[in-house]
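Q: Below is the structure I would like to discuss, written out as structure tokens.
The values are calculated or read from the model by the stated rules, or taken from the named source; none is laboratory data. Because the structure is predicted, anything quoted here is derived from the model rather than measured. Neighbour counts are summed over all protein chains in view; Cβ atoms, including those assigned to glycine, are modelled from backbone coordinates with ideal geometry.
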């Protein structure tokens, strides 16, 4: 609020020096005189809030990152707003790879395609159908399947977080706290950047170049630090959900079905071995 109050004073001082004509600035001055100081403060707060939302919006950052990802095809896309640490990413990759590998080994291509809800004519569908032709094809199939599952989970984090609230209260508390801290830091990073630009512009117009440079550097450093901390806190929130998926506290439909296929196949193998053992014992009986 101190920053917004300072911005309000600067805005009011600048408006007072504007001539009362038919220009845009003149019309803005008449608007300020009409709504009064309180209304002007509300207008400044609203503009700063909108600027903060735009400057710190995860949505447009995701769009930029996904455009860059499009230049380098292959591998899973990890949206910036949902990025996690390298350690968590590696754990998740190993978990998905082992789950899919075991399930695909112990089931038919049709079953795997049905679980992933993919047509047989898709690129991954063809790889699954041709996986037995060689190790390279099977490895490429696993890589693309893991990328597909990662993409599915990452774009369902909000829904999974709701499930986390009902299934794992402590994890939900950590998720909610990290997300709230992320949004708070991101929310104040925008107005600080906006205020820094205004102060820099004002100092530059008054020929105070050194002061303008100092203000620009300091405001950029503060807003960048807040943005990085906001991103780190959002990482922590995303990691709570992903770790819950890894340990089995949350169920994602395709992953749960693949795990079920693997467990059923293991049970069938154990029963088969037990049956073979019983038959051998019975054959040796007189």
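Q: Of the conditions (1) modelled with pLDDT under 85; (2) surrounded by 14 or more Cβ atoms within 10 Å (Cβ to Cβ); (3) within 26 Å of residue 93 (Cβ to Cβ), residue 228 fails just one. Which one is it?
A: If we test residue 228 against (1) modelled with pLDDT under 85; (2) surrounded by 14 or more Cβ atoms within 10 Å (Cβ to Cβ); (3) within 26 Å of residue 93 (Cβ to Cβ), just (2) comes out false.
Q: Does region 92-102 hold any residues that are more than 13 Å from residue 240 (Cα to Cα) and either in contact (Cβ under 8 Å) with a residue 12 or more places away in the chain or outside the structural domain of residue 146 (by TED's automatic domain parsing) (or both), and which are they?
A: 93, 95, 96, 97, 99, 100, 101, 102, listed by residue number.
Q: Looking for something more than 30 Å from residue 179 (Cβ to Cβ), at pLDDT below 80, in the same structural domain as residue 90 (by TED's automatic domain parsing) and out of contact with any strand residue (DSSP E or B) (no Cβ under 7 Å at 6 or more places or on another chain) - is there at least one such residue anywhere in region 252-261?
A: Among the residues of region 252-261, at least one is more than 30 Å from residue 179 (Cβ to Cβ), at pLDDT below 80, in the same structural domain as residue 90 (by TED's automatic domain parsing) and out of contact with any strand residue (DSSP E or B) (no Cβ under 7 Å at 6 or more places or on another chain), which makes the answer yes.
Q: Just to verify a result, which residue in region 234-259, among those that are assigned to a helix (DSSP H, G or I) and without any contact (Cβ under 8 Å) to a residue 40 or more places away in the chain, is surrounded by the most Cβ atoms within 10 Å (Cβ to Cβ)?
A: The extreme case among them is 256.
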